[in-house]
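Comments concern the structure below.
Throughout, read-outs are computed from the coordinates displayed, never taken from laboratory work. Being a predicted model, the structure only gives us computed values, none of them experimental. Cβ coordinates were reconstructed from backbone atoms using ideal geometry, including for glycine residues, and neighbour counts include every protein chain displayed.
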């Protein structure tokens, strides 16, 4: 069975200074992807490993939930 099969990923975003940060999280395995976009530059995409406190960290850093479509538009380079 594939690692991400039947898992509903969670998506978050934050604007800070001139940066847009988008995060996709697998809430079962605590893995995911982070996209960092600086104005006028190509996105930086990183595969991430999180710990069980990731949701508390996102709340403390004032990330907001966002849609999977927004994340995937940036990931594919269409946004």
Given the peptides 45-53, 29-37, arrange them by the average over their residues of other C-beta atoms within 10 Å, most packed first. 29-37, 45-53
Length-normalised contact order for the chain - Cα pairs under 8 Å, 6+ apart - percent: 28 percent
Stretch residue 28-residue 45 to full length: gain in nm at 0.36 nm per residue minus the Cα-Cα span? 4.0 nm
